[in-house]
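The values are calculated or read from the model by the stated rules, or taken from the named source; none is laboratory data. Because the structure is predicted, anything quoted here is derived from the model rather than measured. Neighbour counts run over all protein chains shown; Cβ positions are idealised from the backbone, glycine included. Accessible surface areas use protein heavy atoms only, side chains included; no ligands, DNA or RNA. Shrake-Rupley method; radii C 1.70, N 1.55, O 1.52, S 1.80 Å.
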Amino acid sequence: MMSNLVNEMPRRVPIRTIEWEMLDKRKFYPYSMMSSFTVRCFLYPLTLVRTRLQVQHHNAIYTGTFDAFRKILQLEGARGLYRGFWISCFQVVSGLCYVSTYEGVRHVLEKNGVSNLKIKSLVGGSCASLVGQTIIVPFDVISQHLMILGQISKQGKSVSANPLAVRTEGRTKAEITWDVTRTIYNRDGFRGFYRGYLASLANYVPSSAAWWTFYQLYQEVLSSLPHLLPHTGTQCLAAVMSGCTTSIITNPMDLVRTRVQVQRRSIPETIRYLWATERLRIFTKGLTARMTSSSIYSLAIILGYESVKKMSVLPEYKDGVQW
């Protein structure tokens with residue numbers, strides 16, 4: 001009799017995707033900020049190296065990713081890998097807006113009858129990137145100028161690497177940062193901080209949409225295979241695969257975005273210049289650094305993001321969460 005009652009009790013359906021309404025926001029936001037800042041601390045050097053590789057002409061300074069790491073450490077020390085770091089930390093704020101938009105759009109689509117996870121990921125990723133880029137581009141512009149300034153004082157002067165002609169010798173980071181900010185405003189006004197904004201949208205909106213779509217797709221593929229990994233491990237592997245795929249697809253536009261923001265040309269001029277000087281190298285320039293950065297970043301972000309969501313879930317859903 002008792003066994004029949006147990007068998008008739010409804011079984012809790014495992015929760016593979018934690019939706020927005022399942023989260024305790026009082027836990028989710030603080031945990032997300034801590035996770036994002038920690039990941040940024042570890043991975044910022046890869047972003048700096050990628051930016052320098054994309055800005056240089058051919059192989060004028062660095063022959064590749066590992067050569068860039070070696071020379072920066074030799075000539076600038078470990079601190080050289082963190083140039084512009086504190087300005088870039090404002091991306092933690094934009095990151096909160098990004099995930100809120102992503103989850104919010106998915107929630108709205110669900111309420112309006114859209115249940116396909118890949119479609120929700122595609123639309124949510126696009127909208128989230130639009131909001132995130134609108135907030136972060138000014139800080140991105142300043143940060144990129146700071147990233148490349150180390151090449152001036154240590155490796156000889158180069159106008160292409162210092163288009164603002166900022167003096168760096170004997171000055172503090174705060175003074176250099178203020179000088180970069182002031183010079184951008186004096187030259188171009190407020191619009192100067194949104195230089196490359198359209199290039200950023202053209203790069204990051206499709207990139208974000210593709211990343212979340214591939215992430216969902218790879219999760220479904222991996223979940224259909226024999227379960228060799230826990231659910232979180234499957235999510236991390238799907239994230240790495242999605243990062244690699246998206247990097248290969250969007251690398252040329254990322255190169256255009258970086259050049260527009262640093263070298264102060266328009267998008268059409270930048271594309272013509274890159275094709276004239278780099279030809280097919282536009283598909284591979286900085287790609288190793290970008291794939292490495294994207295793979296590690298995707299792994300770290302999803303490990304943190306999905307873990308934070310699982311730790312922030314409301315009590316009534318805890319038993320159904322899959323780790």
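When the residues of segment 59-79 are filtered to those that are over 18 Å from L149 (Cα atoms) and open to solvent by 50 Å² or more (accessible area, probe 1.4 Å), the one that is modelled with the lowest pLDDT is T63.
A residue that is of a type outside the set (A, V, I, L, M) and closer than 21 Å to S207 by Cα cannot be found anywhere in segment 76-86.
Which one is most open to solvent (accessible area, probe 1.4 Å) among residues in segment 171-206 that are basic (K, R), more than 27 Å from A128 (Cβ to Cβ) and at pLDDT below 80? Taking the candidates together, the pick is K173. Here Q54 clears all of (1) in contact with a helix residue (DSSP H, G or I) (Cβ under 8 Å, 6 or more places away or on another chain); (2) modelled with pLDDT of 85 or more except the condition numbered (2).
Which residues, taken from segment 213-227, are open to solvent by 20 Å² or more (accessible area, probe 1.4 Å) and either over 17 Å from T250 (Cβ atoms) or touching a Leu at 6+ places or on another chain (Cβ under 8 Å) (or both)?
Within segment 213-227, the subset open to solvent by 20 Å² or more (accessible area, probe 1.4 Å) is 213-214, 217-218, 220-227.
Answer for segment 213-227, where residues must be open to solvent by 20 Å² or more (accessible area, probe 1.4 Å) and either over 17 Å from T250 (Cβ atoms) or touching a Leu at 6+ places or on another chain (Cβ under 8 Å) (or both): T213, Y218, E220, V221, L222, S223, S224, L225, P226, H227.
I'd like the full set of residues that are open to solvent by 20 Å² or more (accessible area, probe 1.4 Å) and either charged (D, E, K, R) or touching a residue at least 24 places away in the same chain (Cβ under 8 Å) (or both), limited to segment 306-320. Within segment 306-320, S307, M311, L314, E316, Y317, K318, D319 meet the criteria.
Cβ-Cβ contacts under 6 Å between residues 6 or more apart (or on different chains), taken from a first residue in segment 126-142 that is in contact (Cβ under 8 Å) with a residue 24 or more places away in the chain to a second residue that is small (G, A, S) and assigned to a helix (DSSP H, G or I), are listed as S126/A209; S129/S208; G132/S94; Q133/S200; I135/S94; I136/S94; V137/S200.
Being without any contact (Cβ under 8 Å) to a residue 60 or more places away in the chain and not aliphatic (A, V, I, L, M) is not true of S223.
Whenever a residue of segment 17-30 is more than 20 Å from S94 (Cβ to Cβ), its partners that are aliphatic (A, V, I, L, M) and open to solvent by 70 Å² or more (accessible area, probe 1.4 Å), lying with C-beta atoms within less than 8 angstrom and at least six residues away or across chains, give the pairs K27/M311. Given the criteria closer than 23 Å to W178 by Cβ and either at pLDDT 90 or above or not hydroxyl-bearing (S, T, Y) (or both), does F85 qualify? Yes: the conditions hold for F85.
In the set (1) at pLDDT 85 or above; (2) assigned to a helix (DSSP H, G or I), the condition left unmet by S115 is number (2). Number of residues in segment 244-264 that are crowded, with 18+ Cβ neighbours inside 10 Å and over 21 Å from L48 (Cβ atoms): the value is 1.
For segment 24-51, which residues satisfy the criterion of being over 21 Å from S298 (Cα atoms) and either assigned to a helix (DSSP H, G or I) or among the aliphatic types (A, V, I, L, M) (or both)? Within segment 24-51, K25, R26, K27 qualify. Looking only at segment 69-93, residues that are in a helix (DSSP H, G or I), under 14 Å from the mean Cα position of the chain (by Cα) and under 17 Å from T51 (Cβ atoms) come to 2 in all.
Looking across segment 275-291, the residues that are surrounded by 19 or more Cβ atoms within 10 Å (Cβ to Cβ) and either in a helix (DSSP H, G or I) or β-branched (V, I, T) (or both) come down to I282, L287, A289, R290, M291.
Identify, please: which residue in segment 80-132 is of a type in the set (K, R) and in contact with a Gly (Cβ under 9 Å, 6 or more places away or on another chain) and is, among those, surrounded by the fewest Cβ atoms within 10 Å (Cβ to Cβ)? Show your work before the answer.
Let us first name the residues in segment 80-132 that are of a type in the set (K, R), namely 83, 106, 111, 118, 120.
Checking which are in contact with a Gly (Cβ under 9 Å, 6 or more places away or on another chain) leaves us with 83, 106.
Details: R83: 26, R106: 24.
Ranking the qualifying residues of segment 80-132, first place goes to R106.
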